[in-house]
Amino acid sequence: MKPALKYAFAAVVLLLSFAAPVAAGPLEDATAADDRGDYATALLLLRELADQGNARAQFKLGGMYDDGRGVAQNDAEALKWYRLAADQGYGNAQYNLALMYGKGQGVPQNYLEAARWFGKAAEQGDADAQYNLGVLYFAGQGVARNDVEAAKWFRKAAEQGEAVAQYNLGVMHDDGRGVAQNYAEALKWYLKAAEQGYALAQNNLGLVYVNGKAAPQDYAEAMKWIRKAAEQGYAPGELNLGRMYDNGQGVPQDYAEAVKWIRKAAEQGDAEAQTTLGVRYNSGQGVPQDYAEAVKWFRKAAEQGDAEAQNKLGTVYAQGQGVQRDYIRAYTWFNLAAMAGSQRAVNNRDIAAQHMTPAEIAEAQKLARESKTNKQLPQ
């Protein structure tokens with residue numbers, strides 16, 4: 001049976017972007033000086049305006065301390081000026097203040113404060129703040145976990161063209177989290193983000209066309225979008241592109257080309273790709289058969305906790321392929337995979353036990369327990 005393609009789900013990282021202030025009136029000279037690199041003049045003009053309570057000047061001055069433009073970088077000063085501007089309701093400052101709390105920059109990390117300030121900026125229509133507020137609701141950081149609220153804020157940001165929010169909203173419609181499951185809506189939002197070049201959306205859009213959930217199955221269209229994701233170096237996209245070559249979906253079947261893309265994902269540390277590459281070396285499909293190379297890739301994935309790789313590694317120790325036959329190590333890896341939920345590993349462990357003494361089984365069980373506790377995996 002051909003392997004299934006791999007979905008990537010919602011990214012929940014904060015967007016660390018800073019919106020630029022709009023200069024007006026007395027700020028024009030300061031902004032022009034800053035733009036041309038005359039930081040001494042910019043600082044002189046901004047500080048005078050900031051001391052007078054001008055919120056935009058306070059925000060701009062905070063940015064200069066934040067970046068270290070014309071002054072030594074100083075998180076405490078940046079925080080001070082952002083807060084003064086934020087307290088006056090200046091949205092860009094509220095957003096940057098939230099970022100500092102979210103990252104623990106200049107203050108102890110505090111998601112409650114981050115959520116409060118993102119909320120103030122989000123209410124003013126800041127798309128990045130709306131997205132980040134959605135992230136906090138999605139993750140339950142600083143606020144009670146709430147998929148409905150997360151979807152609400154992702155939608156507000158998505159409607160302003162925020163690609164990551166569009167992607168996440170697509171995922172939530174795909175999964176039915178916080179919204180009714182709706183594959184057509186998922187397709188719509190994946191497409192919007194994909195057209196902006198967002199690799200995760202391109203990958204998922206391709207999978208929509210593979211699975212035919214919201215659009216007629218179309219391998220050519222799937223290949224188009226998955227290739228775009230893969231060519232950006234997105235590991236799940238590389239793995240999926242390899243699988244499409246492996247399956248002959250949208251392209252002529254080509255095992256060598258499949259291995260090329262699977263290897264790219266494996267070299268980035270994708271555990272599923274590492275396991276798949278190990279299988280290729282074990283079988284000699286698309287590469288010369290090489291049991292030692294198979295063991296190498298199985299081990300890389302197994303050390304990341306991949307149950308399938310742990311089961312495969314147990315199998316090569318039981319069969320002596322690429323390693324010396326060792327039932328104790330085989331049983332240990334089968335046991336670790338079984339603890340991770342692999343029923344196949346449970347069966348394999350029981351078969352391995354038939355070749356072992358009670359003392360050897362006890363030793364293997366001890367190795368597995370110690371591996372789980374100390375993260376020291378068997379060699």
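Quick one: would you say Asn168 is in contact (Cβ under 8 Å) with a residue 40 or more places away in the chain and not charged (D, E, K, R)?
Here the answer is yes, as Asn168 does meet what is asked.
So which of Lys296, Lys312, Lys264 ends up being under 18 Å from Pro236 (Cβ atoms), among the charged types (D, E, K, R) and open to solvent by 30 Å² or more (accessible area, probe 1.4 Å)?
Lys264
With the requirement that a residue be under 13 Å from Gly206 (Cα atoms), touching a helix residue (DSSP H, G or I) at 6+ places or on another chain (Cβ under 7 Å) and open to solvent by 30 Å² or more (accessible area, probe 1.4 Å), what does segment 223-248 give you?
Arg227, Lys228
Select, from Arg329, Arg369, Arg349, the only residue that is part of a helix (DSSP H, G or I), of a type in the set (D, E, K, R) and open to solvent by less than 60 Å² (accessible area, probe 1.4 Å).
Arg349
Quick one: which residue in Gly305, Gly278 is open to solvent by 20 Å² or more (accessible area, probe 1.4 Å) and in contact (Cβ under 8 Å) with a residue 24 or more places away in the chain?
When all the criteria are applied, what remains is Gly305.
Condition first: under 17 Å from Ala139 (Cβ atoms) and surrounded by fewer than 24 Cβ atoms within 10 Å (Cβ to Cβ). Now tell me which residues in segment 172-190 satisfy that.
Passing the criteria: Asp175, Arg177, Gly178.
Could you tell me whether Gly119 is at pLDDT 95 or above and not in a loop (DSSP other than H, G, I, E, B)?
Spelling it out, Gly119 is indeed at pLDDT 95 or above and not in a loop (DSSP other than H, G, I, E, B).
Can you name the residue in segment 1-59 that is at pLDDT below 50, over 26 Å from the mean Cα position of the chain (by Cα) and open to solvent by less than 70 Å² (accessible area, probe 1.4 Å) and is also farthest from Lys80 (Cα to Cα) among such residues?
Among them, the one singled out is Ala24.
The values are calculated or read from the model by the stated rules, or taken from the named source; none is laboratory data. Just so it is clear, the model here is predicted, and its values are computed rather than measured. Reconstructed Cβ throughout: ideal geometry from the backbone, glycine too, with neighbour counts over all protein chains shown. Protein only, heavy atoms only, side chains kept; ligands, DNA and RNA dropped before computing areas. Shrake-Rupley method; radii C 1.70, N 1.55, O 1.52, S 1.80 Å.
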